[in-house]
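Colleague: Quick one: the structure is below, questions incoming.
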Amino acid sequence: MVLSRLSNFVQIIYLYHQAIFMKSLYTICYVSKTAPELKEQDIEELFNYTSKANNKNGVSGILLHSLGNFFQVLEGDEKHLLQLFEKIKEDPRHAEMYEVYNKRTTQPVFDNYKSTFDIVKNSDDLKTLITYLNLDKSNSTNHKLKRLLKPFDMLGEF
Ligand SMILES: Cc1cc2nc3c(=O)[nH]c(=O)nc-3n(C[C@H](O)[C@H](O)[C@H](O)COP(=O)(O)O)c2cc1C
């Protein structure tokens with residue numbers, strides 16, 4: 001009786017701790033079309049802003065620009081990511097967004113990839129990324145990302 005009460009109490013404390021202190025890990029992946037008026041310098045500025053902001057806010061992932069498209073994967077705290085994504089969706093620098101996924105995750109792909117949010121700027125960066133994705137064959141998200149990145153790799157136009 002006393003043991004069962006104690007066990008219930010421990011369970012309640014655990015759930016309370018989970019709810020208050022544990023942050024849910026979230027991931028979003030999308031492709032979008034670059035606004036036609038965007039110049040190379042605008043894209044460079046966006047890259048600089050994004051890597052600085054994401055590194056400051058503990059967001060990992062990748063951002064790639066090629067063939068008039070953006071391709072982005074974001075991983076991080078759910079609340080932060082959902083707020084950030086609302087801003088990204090409204091950003092006039094791109095349009096026609098196609099969401100590949102938008103979900104909670106327990107298997108982040110990029111938390112061990114480089115030490116910073118990664119901007120994929122050329123074919124060599126993309127090759128390094130694909131080699132990294134090949135390392136973990138058990139994660140189905142890695143597989144999906146490799147498939148999505150293949151056209152960029154084949155055409156190699158940065
Ligand atoms: C393709 C694309 C990707 C972006 N990715 C990020 C990002 O990962 N992190 C970020 O802070 N801002 C990103 N931004 C910029 C945001 O849309 C927004 O301008 C920025 O968060 C500043 O918002 P604020 O002025 O309301 O603080 C991105 C914009 C575009 C067009």
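The values are calculated or read from the model by the stated rules, or taken from the named source; none is laboratory data. Remember, predicted model here, so these are calculated numbers, not experimental data. For neighbour counting, all protein chains shown are included, and Cβ atoms are generated from backbone atoms with ideal geometry for every residue, glycine included.
Colleague: Residues that are closer than 16 Å to TYR30 by Cα and of a type outside the set (A, V, I, L, M): does region 123-142 have at least one? Can you show your working first?
Modeller: Here is the first cut: in region 123-142, the residues closer than 16 Å to TYR30 by Cα are 141-142.
Going one step further and asking which of them are of a type outside the set (A, V, I, L, M), we end up with 141-142.
Taking every residue of region 123-142 in turn, at least one turns out to be closer than 16 Å to TYR30 by Cα and of a type outside the set (A, V, I, L, M).
Colleague: Would you confirm whether any residue within region 32-48 is among the β-branched types (Val, Ile, Thr), touching a Ser or Thr at 6+ places or on another chain (Cβ under 6 Å) and modelled with pLDDT of 95 or more?
Modeller: There is no residue in region 32-48 that is among the β-branched types (Val, Ile, Thr), touching a Ser or Thr at 6+ places or on another chain (Cβ under 6 Å) and modelled with pLDDT of 95 or more.
Colleague: Okay, next question. In this structure, is GLU75 assigned to a strand (DSSP E or B) and farther than 21 Å from GLU157 by Cα?
Modeller: Criteria met by GLU75.
Colleague: For region 66-120, which positions are within 10 Å of the ligand (Cβ to nearest atom) and among the polar types (S, T, N, Q)?
Modeller: Result: ASN69, GLN72, GLN83.
Colleague: For region 72-86, state whether one or more residues are under 22 Å from LEU38 (Cβ atoms) and either modelled with pLDDT under 95 or of a type in the set (S, T, N, Q) (or both). Write out each step before concluding.
Modeller: So the first thing to find is which residues in region 72-86 are under 22 Å from LEU38 (Cβ atoms), and the list is 72-74, 84-86.
Checking the rest, the ones that are also either modelled with pLDDT under 95 or of a type in the set (S, T, N, Q) (or both) come to 72.
The answer is yes; a qualifying residue exists.
Colleague: Quick check on PHE47: is it within 14 Å of the ligand (Cβ to nearest atom), touching a Phe, Trp or Tyr at 6+ places or on another chain (Cβ under 8 Å), within 17 Å of GLU157 (Cβ to Cβ) and of a type in the set (A, V, I, L, M, F, W, C)?
Modeller: It is false that PHE47 is within 14 Å of the ligand (Cβ to nearest atom), touching a Phe, Trp or Tyr at 6+ places or on another chain (Cβ under 8 Å), within 17 Å of GLU157 (Cβ to Cβ) and of a type in the set (A, V, I, L, M, F, W, C).
Colleague: Here are LYS137, LYS121: which of them is among the charged types (D, E, K, R), at pLDDT below 95 and crowded, with 16+ Cβ neighbours inside 10 Å?
Modeller: Step by step, each of LYS137, LYS121 is checked, and only LYS121 is among the charged types (D, E, K, R), at pLDDT below 95 and crowded, with 16+ Cβ neighbours inside 10 Å.
Colleague: Out of LEU145, LEU63, report the one residue that is away from the ligand (no atom under 15 Å from the Cβ), surrounded by 18 or more Cβ atoms within 10 Å (Cβ to Cβ) and closer than 20 Å to TYR26 by Cα.
Modeller: None of the other options fit; the residue is LEU145.
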